[in-house]
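Engineer: Here it is, the structure in full.
The values are calculated or read from the model by the stated rules, or taken from the named source; none is laboratory data. Everything quoted here is computed from the prediction, not taken from an experiment. Backbone-built Cβ (ideal geometry, glycine too); neighbour counts: all protein chains shown. The accessibility values were calculated without ligands, DNA or RNA, using every heavy atom of the protein model including side chains. Shrake-Rupley method; radii C 1.70, N 1.55, O 1.52, S 1.80 Å.
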Amino acid sequence: MKTILNFLALLILFLTFNSCSELIDCIASTKPELNSKSLPLGYTNQSYSNFISASVKNDSNDDDYDYYFSVSGNFPPGMTYFEQGRRLYFGGAANQGGVYTFKVTVTIDYPEYYDEDEGFWEDDNRICFGNNTVSKEYTITIQ
């Protein structure tokens, strides 16, 4: 019992004299997310366009982050992609039918300033354990 009381006293002292914001950040960490979606069927030599959105979990100001996308795997030949803000757009006319599975990876950079009224952190290392990248697989079927 005495050991538990000593531990609690030390914990209270620690939290009193140190900012607990890092602890809270780790509990409610911010991290990127890619939306889950089924991509519609496409047809060879016909125009196709769609997008995949990213967001930042646990932060309503996710438009203020910088998003960097990459695509790997089996992307339909004849189609291209580009990023704009929180979205990865892709389109074009696939010139070969098949089932194409590709992986989208998004990495975020934090805003470099902190404004208490807006809720941004000054140190851009708010992501707990460096979790600023996430990947997800998507599939497009071209007939």
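Engineer: Just for region 62-74: of the residues that are open to solvent by less than 40 Å² (accessible area, probe 1.4 Å) and out of contact with any Pro (no Cβ under 8 Å at 6 or more places or on another chain), which one is nearest to Ser38 (Cα to Cα)?
Structural biologist: By that ranking, first place goes to Val71.
Engineer: Condition check: open to solvent by 80 Å² or more (accessible area, probe 1.4 Å) and not in a loop (DSSP other than H, G, I, E, B). Does Tyr81 satisfy that?
Structural biologist: yes
Engineer: Contact list please: Cβ distance under 9 Å, first residue in region 48-77 and touching a residue at least 60 places away in the same chain (Cβ under 8 Å), second residue open to solvent by less than 30 Å² (accessible area, probe 1.4 Å) and basic (Lys, Arg), pairs at least six apart or on different chains.
Structural biologist: As it stands, the answer is Asp59/Arg126, since those pairs meet every condition given.
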